[in-house]
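Peer 1: The structure's right below; bear with me while I get my questions together.
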Amino acid sequence: MPVVLSTDLIVYFLVLLIIYCAFAVRKEGYLSIAWHQIRTNKLAMVSMFILFLYIGVALLDSIRWRDVVLDSEGRVMHKEDGSVIYSPQALSLLDRLLHDMRVNTEKTFSAPLATHLYVKETIELPDGTRIRDYPPLKYPGTHLLGTDKVGNDVLFSAIKGIRTGIVIGTGTTIIIIPFAILFGVLAGFYGGVVDDIIQYIYTTLSSIPSVLLIVAFMLIFGERGYQGGLITEEDIFFKIFVPNDRLFWLCVIMGITSWTDLCRLLRGETLKLREMDYVQAARAFGVSSLRIIYRHIVPNVMHIVLITFVLQFSGLVLAEAILSYIGIGVGPEMGSWGNMINTARLELSREPIVWWNLFAAFIFMFGLVLPANIFGDAVRDALDPRLRVR
Amino acid sequence: MPEPVIEVRDLRTYFRTPGGIARAVDGVSFSINEGETFSLVGESGCGKSVTALSVIQLVPVPAGFIAGGEVLLRGRDIVHLSELEKRRIRGNKISMIFQEPMTSLNPVFTIGNQIIETIRLHQKKSTREAKTIAIEMLRRVGLPEPESMYYEYPHRLSGGQRQRVMIAIALACRPDLLIADEPTTALDVTIQKQILSLIRDLKREMRTAVLLITHNLALVYRNAERVGVMYAGKIVEMAPTRILFRNPMHPYTVKLMHSIPGMDKRGKPLDTIKGTVPPATMFPEGCRFSGRCPVEMEGCSRAEPPLIEYERDHLVACHLYDRGFMDRPVSRPITTGGESAPMRWTPSVKEEILLEVKGLRCYYPIRKGLFKRIVGYVKAVDGVDLTIKKGSILALVGESGCGKTTTGKAILRLIEPKGGRIVFKGRDITSLSEGELKPYRACMQIIFQDPYSSLNPRMMVGEIIEEGLKTLRPEMDRKERQEKVLSVMERVGLSGDMLKRYPHEFSGGQRQRIGIARALAVDPEFIVCDEAVSALDVSVQAQILNLLKSIQKDSGISFLFITHDLSVVEYIADEVCVMYKGKIVERGGVEKIFSSPEDEYTRTLLEAVPRID
């Protein structure tokens, strides 16, 4: 029985956007010229490949279904009214592909590629004597990045964190960009009362400490619903759709609290652009205001949007870690780099330290943020006709 | 022969660019004596500013470097000095004034602070002594109340006053050489005259050598003793000013002088130079002017002409003056054929009135306080009357801030006027709504000053020119629009294959042509040219002026020519309105205004314009 979370829709949207772009660059025109420029940039192409890997993993992790529950004799179990009982756990395609990694757990910490546990235990030898030593692992040498406190594979947790990171980055941006462009450009272009109202809104919003807003919001919306673990029947609408996802609410509130910066930048840029001679020339042709905004203003502020997006993307992934730390981020059952970094706090203060949890989160975050930055730069340069190589 | 203060020998300053090595300055030699003004003149990109920066050892690193040559300051080479020693020279022995007085002073320090900074850096003086010198300098550059001026911040001063402060800073240590890089380009013509005469007086008094960098030939004529004309990184001609202007020898110099507009050239097309200045990364082989030269010979593109002393003190780098070259068969002239015979045109001004502006007022509100109450108005335009006849060119002249641009934009209803009437072809358009105004939009168009900000960098040329048609002629289909775009591009001298290119791929002159094509596309009857040629080099300006003039003649379009450049006005306009502080102080035919101005202000303005006679 397939299950679709509201955050899955965000991932699907991202994938559709990429497919749309892929078709758009095939056609003649603006985007295809830009694409030819990006293709000459090797570093950008490598970055794009890595980004696709991440997004691919996120997509695999967003296709999920619930299995039927079988009784001890292997028969499908039914409810009293005759309907099939499904498991409350919706495993994703990724979970199923990495089945071994998911289920092969150890007892507790083990170092990367170790054969023995990281913690001494009292072991009873076959001859009956008891010694304190590092017990052997159940699956020695298979945990590429070791295991965590409860014995789960760290590499698996880090891979599970990819979807969370992508969803936070994309979902929040989807909310930020339309708001910021709409309000920023309107405020800058029309000025006067419109400007006053919009400025009033975002000044008020940004004068409230955003952590407070996020805490309040998450306590109201985030406590019920899907937390990343089991799905209760009440949460499911139309048999497959789960709208009430904690991660989704997190994206919403982070979007609401962080559109103001971009909005302010865009307002300033629009104030400058609306006095440009080419805008005046368009007005002299009687071009309508909406068309001026669409043709002359928005294309010329897109570089700011793109830079802010790339910079904010990494900031958002980090913000998720901080929020998880104070217990209002993603649920503890949902794999995320933020959660991993949190647990690493205690692991780094024990002796001997456990470093691989933090290391894994760091490598995976770095591997997403750096290519995103490089690729974002390349896209911005390619979209700017002034920087284009003739 | 006195010893020169500064001697530059075979200076080469190159820049590393993605397109290869740019030879911005490529073998320049000159010297300046004590109390002498030497001027380097040329069009943008010829290397004159880079020469100045090389002399003061401020070539932007790491891209730029001095590839060879010597700069001798009183006989001592300063190119190879250590950075520390160079710092002791800058501001002390050689100092510099820049073009933009608005940005060359630090806004958070007082004037006095900025002057004594230089003094204390180079001389062992106490703050008290330095202050005395600073106040004395402020007095000498003619600033009122130097004692209180000492404590003022830069924003309280006007552009001209700031440039005086810059001069005070530059001369505070009594340098041997003063470099003035376009010192008055950003200033009004009346202020320009004051600043230049100030530099002249101080130079005479302090025996300073002056290197004056400018693109304005008339200004050179009035202010320099000797001139070097630069083209493509080289000095092509060098002579004492009077001799150069009386007898220009290099074809480039000759062309340059002929392309300056003026009263004597009225009714004739201006002389232009074909093509554009080659980029510094790909100068042509042989003579750098080859390919553009009207008297080019077969050997010109093969051998580079040396700078030879043809007459006493008159140096020129052209094969025409090289007897050895002229005797050989390579001196066969190439028939260029590109230049058409000069045509004369007679003004086709009709008496019919196209546009009448009555009592136009544009006020900008001054708002104060929490609720932004309007406490007063800046009266940018305060009761302007204009009448433009069909097919004529009316020039609106005045200094910056006098309200001339506001007037132009208000006539097109790009700025809402506060009062007055604009009557276009008998219909009052002052209070029409945007929708009712639409049919008139096609009739009235505008061309802007800055060819860089007037075109949307993200639109292709074809789209830019098409934009007006799309809005104003919705009945046209794509093919008709395309044809129209191609026809106006041809009209302004752009080729059709430029349709799919972006504005940044064009030079300033070409971009201005695109702007003109955009306006012409909707078949207007009236065009406002807002400083349309002010940002262009003189040879490009000549091309654009010729184009505008021929458009006026062919299609009977009327122009409102807003400018501060009086030489353009006397060349192109039929009538002139002189504007001062939001009001028109004098109006009349060009000949009348320029020969017998009646208003006090007009007279001041005309006297301030540097002229070549």
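Quick grid of which residues meet (1) part of a loop (DSSP other than H, G, I, E, B); (2) hydroxyl-bearing (Ser, Thr, Tyr); (3) under 30 Å from residue A:54 (Cα atoms):
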position: A:113; (1), (2), (3): yes, no, yes
position: A:123; (1), (2), (3): no, no, no
position: A:131; (1), (2), (3): no, no, no
position: A:140; (1), (2), (3): yes, no, yes
position: A:144; (1), (2), (3): yes, no, yes
position: A:150; (1), (2), (3): yes, no, yes
position: A:157; (1), (2), (3): no, yes, yes
position: A:163; (1), (2), (3): no, no, yes
position: A:166; (1), (2), (3): no, no, yes
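Peer 1: Restrict the check to region B:530-537 and report whether at least one residue is more than 18 Å from residue B:465 (Cβ to Cβ), small (Gly, Ala, Ser), in contact (Cβ under 8 Å) with a residue 12 or more places away in the chain and in the same structural domain as residue B:442 (by TED's automatic domain parsing).
Peer 2: yes
Peer 1: May I ask you to verify whether residue A:383 is surrounded by fewer than 18 Cβ atoms within 10 Å (Cβ to Cβ), modelled with pLDDT under 85 and touching a helix residue (DSSP H, G or I) at 6+ places or on another chain (Cβ under 6 Å)?
Peer 2: In short, no.
Peer 1: What are the pairs with Cβ atoms under 6 angstrom where one residue, in region B:119-147, is at negative phi and the other, located anywhere, is open to solvent by 50 Å² or more (accessible area, probe 1.4 Å) and among the basic types (Lys, Arg)? Sequence gap at least six, or different chains.
Peer 2: Final answer for the pair search is B:119/B:125; B:130/B:120; B:146/B:139.
Peer 1: Restricting to region B:52-64, give me the number of residues that are at pLDDT 90 or above and not aliphatic (A, V, I, L, M).
Peer 2: Number of matching residues: 2.
Peer 1: Restricting attention to region B:502-522, report how many residues are modelled with pLDDT under 90, more than 19 Å from the chain's Cα centre (by Cα) and away from chain A (no Cβ under 11 Å).
Peer 2: Count: 0.
Peer 1: Sticking with this one: Give region B:399-417 a look and list any residue that's away from chain A (no Cβ under 11 Å), under 17 Å from residue B:385 (Cβ atoms) and out of contact with any Gly (no Cβ under 6 Å at 6 or more places or on another chain), or say none.
Peer 2: B:402, B:406, B:407, B:410, B:417
Peer 1: Considering only residues that are open to solvent by 10 Å² or more (accessible area, probe 1.4 Å), within 26 Å of residue B:613 (Cα to Cα) and part of a strand (DSSP E or B), which ones fall in region B:545-583?
Peer 2: B:575
Peer 1: Are any residues in region B:1-17 more than 12 Å from residue B:72 (Cβ to Cβ) and within 28 Å of the chain's Cα centre (by Cα), and if so, which ones?
Peer 2: B:12, B:13, B:14, B:15, B:16, B:17
Peer 1: In region B:443-463, what residues are within 8 Å of chain A (Cβ to nearest Cβ) and within 16 Å of residue B:488 (Cα to Cα)?
Peer 2: Correct list: B:445, B:446.
Peer 1: Scan A:297, A:256, A:293, A:304 and give me the residue that is within 27 Å of residue A:364 (Cα to Cα), in a helix (DSSP H, G or I), at pLDDT 85 or above and within 14 Å of chain B (Cβ to nearest Cβ).
Peer 2: A:304
Peer 1: Report those strands (runs of 3 or more DSSP E) wholly inside region B:1-97 carrying at least 3 residues which are open to solvent by 20 Å² or more (accessible area, probe 1.4 Å).
Peer 2: B:6-17, B:20-32, B:64-73
Peer 1: Of the conditions (1) surrounded by fewer than 23 Cβ atoms within 10 Å (Cβ to Cβ); (2) part of a strand (DSSP E or B); (3) within 18 Å of the chain's Cα centre (by Cα), residue B:612 fails just one. Which one is it?
Peer 2: Of the numbered conditions (1) surrounded by fewer than 23 Cβ atoms within 10 Å (Cβ to Cβ); (2) part of a strand (DSSP E or B); (3) within 18 Å of the chain's Cα centre (by Cα), the odd one out for residue B:612 is (2).
Peer 1: Mind checking which residues of region A:259-275 are open to solvent by 50 Å² or more (accessible area, probe 1.4 Å) and either within 14 Å of chain B (Cβ to nearest Cβ) or in contact with an Asp or Glu (Cβ under 6 Å, 6 or more places away or on another chain) (or both)?
Peer 2: Residues satisfying the conditions are A:272, A:274, A:275.
Peer 1: Name the single residue, out of those in region B:523-544 being part of a helix (DSSP H, G or I) and touching a Lys or Arg at 6+ places or on another chain (Cβ under 8 Å), that is nearest to the other protein chains (Cβ to nearest Cβ).
Peer 2: Among residues in region B:523-544 that are part of a helix (DSSP H, G or I) and touching a Lys or Arg at 6+ places or on another chain (Cβ under 8 Å), the one nearest to the other protein chains (Cβ to nearest Cβ) is B:544.
Peer 1: While we're here: Whether any residue in region B:474-495 is over 23 Å from residue A:30 (Cβ atoms), facing chain A (nearest Cβ under 9 Å) and more than 33 Å from the chain's Cα centre (by Cα) is what I want to check.
Peer 2: no
Peer 1: Name every residue in region B:104-147 that is part of a loop (DSSP other than H, G, I, E, B) and of a type in the set (Gly, Ala, Ser), in order of residue number.
Peer 2: Within region B:104-147, B:104, B:126, B:142 qualify.
Peer 1: Turning to a different aspect of this structure: Go through region B:418-432 and report how many residues are open to solvent by 30 Å² or more (accessible area, probe 1.4 Å) and either within 11 Å of chain A (Cβ to nearest Cβ) or under 26 Å from residue B:545 (Cα atoms) (or both).
Peer 2: Qualifying residue count for the region: 0.
Peer 1: From the residues in region A:112-127 that are over 16 Å from residue A:354 (Cα atoms) and of a type in the set (A, V, I, L, M), which one is most open to solvent (accessible area, probe 1.4 Å)?
Peer 2: Checking each candidate, the answer is A:125.
Peer 1: For region B:275-283, does any single residue satisfy the condition of being part of a helix (DSSP H, G or I), modelled with pLDDT under 90, over 22 Å from residue B:15 (Cβ atoms) and not acidic (Asp, Glu)?
Peer 2: no
The values are calculated or read from the model by the stated rules, or taken from the named source; none is laboratory data. Keep in mind it's a predicted model, so treat the numbers as computed, not measured. Glycine gets a Cβ as well: all are built from the backbone with ideal geometry, and neighbour counts include every protein chain shown. Each accessible area value is taken on the protein alone, full model and side chains, heavy atoms only, with ligands, DNA and RNA left out. Shrake-Rupley method; radii C 1.70, N 1.55, O 1.52, S 1.80 Å.
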